[in-house]
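The values are calculated or read from the model by the stated rules, or taken from the named source; none is laboratory data. Values in this document were obtained by computation on a predicted structure and should not be read as measured data. Please note: Cβ atoms are built from the backbone with ideal geometry, for glycine as well, and neighbour counts cover all protein chains shown. Please note that ligands, DNA and RNA were not included when accessible areas were found on the heavy atoms of the full protein model with its side chains. Shrake-Rupley method; radii C 1.70, N 1.55, O 1.52, S 1.80 Å.
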Amino acid sequence: MAKFALGCEPVVGSLTSSKKREYRVTNRLQEGKRPLYAVVFNFIDSRYFNVFATVGGNRQRGQRRLPRCRLCEANAYHGVRGVDLNLRLKASAFANTVTVYQCLEGGVIAVLQSYVDEDKDESFYTVSWACNIDGTPFVVAGGINGIIRVIDAGSEKIHKVLHNILGLHFLQWLTELIMVIILIEAVSYDLNSVSLNKRAWEWAYRLFIYSQISEKSGRWNSRGHGDSINEIRTQPLKPSLVVSASKDESVRLWNVHTGICILIFAGAGGHRNEVLSVDFHPSDIYRIASCGMDNTVKIWSMKEFWTYVEKSFTWTDLPSKFPTKYVQFPVFIASVHSNYVDCNRWLGDFILSKSVDNEIVLWEPKVKEQTPGEGVADILQKYPVPECDIWFIKFSCDFHYNAAAIGKRNREGKIFVWELQSSPPVLIARSVFGKVLKDPKSTIFSLFDTPLLLVTSGFVSKQSMANNPGELLSHAQSKSPIRQTAMSYDGSTILSCCEDGLIWRWDAVTAPPV
């Protein structure tokens, strides 16, 4: 932990403040009974700022299979009226899904698309928005199998599947081994092995054809992670680039347009345990920050390897043949926390990082250019988050980083909303309670030229705004740990995804200034 000189202590925020922005619950959606691990708004394309995606899945690990995705088309609900949301998302209770929604006026949430993974052992932990070089919106998801799905939200098809090439190398090695055995037997002139040779040649031929088709079709089209993926983030200046953090102790940079793994951040100076979070610098295109179970935050630079990033956009050969480079040493290592660090975000040149120590810390990395990896972390402010001592609970910010929202791990389902542009830090949100509607109505809407199911608000405020104000954002029926929040572009809407499969929508009573 960092030590502070007299007069240099960080400013700690208070959990009580009179500066409040009022929010009320306007909707609640149930995605089956499985946990939801991530929810994220689309900040990449201004046409879809009100569109968000969620992911979740089974907790159990099982035998890996060759994964494929199928699209749960919304066309099946074309023309249907009054269909309950649970019917639309029935598949979510049995398989792992990536679901795309749209927030509309009056608390209305429209279901746009739902992609169901056929591998029941898959469990998606993270999702991000990206886009192709022509502006086509992509949904990028990853999870327990170390596989990254790149979904074209425009055509509703899988664009790329990024994962480990070891399977392909194994097939090629097995094919060569069988051929060597055949040659040895041929030299021995063993007439009794003629039938064996025939069968061996057939298997060798099948494996060879399968490996070639797999590589050309993109089934094994890139160097992927060797373990589960905990977070995926998109480069805001080049949204065809995404970065992933994994349990295999590495961070990897991908080009979702070509399916290429460009850089691998791991090695001698890399993380020594599971990497839980990663983020791109908002203006310095070369820098990323990562954190994990080794209690550190590491800042990496891609400047020396940027020619390979540019080459990835024009690469015409197979992605598996791209000269992926290793970045072994970060430019800065910070030990700001004494426990797992499971979320970090850039705030300008500062960093917001959260640990299981029940707090979010704002600090400034002061890098020594002459000695990479060394420097000083100047802690500026602390944002207390009581009862948030389990890992994999992530905070979110609005587009302009005016506020940060994070949920609690207890059974109360409360949300803290901190103002980031003030000192000392203050909580800026309180709840106005509403009454549950038992039978939310639905209708049909369209986006991306696709029919979809639309669900009206499941909550309506029946009380005066002055009645029963809450110190935090909370609701009597929200009783499950909140894994992640998502703030809209201007901070007027806050979403939370919970362990019980619920999505909660909070809307500001008066819209905050942009």
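Computed quantities for the displayed model
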| quantity | calculated |
| --- | --- |
| Some residue of the range 356-365 being at pLDDT 90 or above, touching a His at 6+ places or on another chain (Cβ under 9 Å) and not in a loop (DSSP other than H, G, I, E, B) | yes |
| Residues of the range 255-269 that turn out to be touching a helix residue (DSSP H, G or I) at 6+ places or on another chain (Cβ under 9 Å), within 13 Å of I133 (Cα to Cα) and of a type outside the set (S, T, N, Q), as a count | 2 |
| Residue count, the range 486-509 (criterion: of a type in the set (V, I, T) and closer than 20 Å to S123 by Cβ) | 1 |
| Complete set of residues in the range 291-341 that are of a type in the set (V, I, T), over 18 Å from V243 (Cβ atoms) and touching a helix residue (DSSP H, G or I) at 6+ places or on another chain (Cβ under 7 Å) | none |
| Some residue of the range 78-95 being at pLDDT 90 or above, over 21 Å from the mean Cα position of the chain (by Cα) and open to solvent by less than 40 Å² (accessible area, probe 1.4 Å) | no |
| Of all residues in the range 241-255 being of a type in the set (S, T, Y) and not in a loop (DSSP other than H, G, I, E, B), the one that is farthest from the chain's Cα centre (by Cα) | S246 |
| S277 being at pLDDT 95 or above and either buried (at least 16 other Cβ atoms within 10 Å of the Cβ) or more than 24 Å from the chain's Cα centre (by Cα) (or both) | yes |
| Where a residue in the range 20-39 is surrounded by 20 or more Cβ atoms within 10 Å (Cβ to Cβ) and its partner, wherever it lies, is acidic (D, E) and part of a strand (DSSP E or B), with Cβ under 8 Å and at least six apart | Y23/D507; R24/D507; T26/D507 |
| Within the range 150-179, tally of residues that are part of a strand (DSSP E or B), at pLDDT below 90 and of a type in the set (D, E, K, R) | 2 |
| Count - residues of the range 308-339 that are outside any loop (DSSP other than H, G, I, E, B) and aliphatic (A, V, I, L, M) | 4 |
| Among (1) touching a Cys at 6+ places or on another chain (Cβ under 7 Å); (2) surrounded by fewer than 24 Cβ atoms within 10 Å (Cβ to Cβ); (3) modelled with pLDDT of 95 or more; (4) not aliphatic (A, V, I, L, M), the one test that R252 misses | (2) |
| Every pair of residues 6+ apart whose Cβ atoms lie under 6 Å, when the first sits in the range 225-247 and is within 14 Å of S277 (Cα to Cα) and modelled with pLDDT of 95 or more while the second is basic (K, R) and in a strand (DSSP E or B) | V243/R233; S244/R252 |
| Residues within the range 255-268 that are open to solvent by 10 Å² or more (accessible area, probe 1.4 Å) and either among the β-branched types (V, I, T) or touching a strand residue (DSSP E or B) at 6+ places or on another chain (Cβ under 6 Å) (or both), tallied | 2 |
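Residues are listed down the side, and each one gets a yes or a no for (1) among the charged types (D, E, K, R); (2) touching a residue at least 60 places away in the same chain (Cβ under 8 Å); (3) surrounded by fewer than 21 Cβ atoms within 10 Å (Cβ to Cβ):
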residue	(1), (2), (3)
N339	no, no, yes
E374	yes, no, yes
N402	no, yes, yes
V417	no, yes, no
P424	no, yes, yes
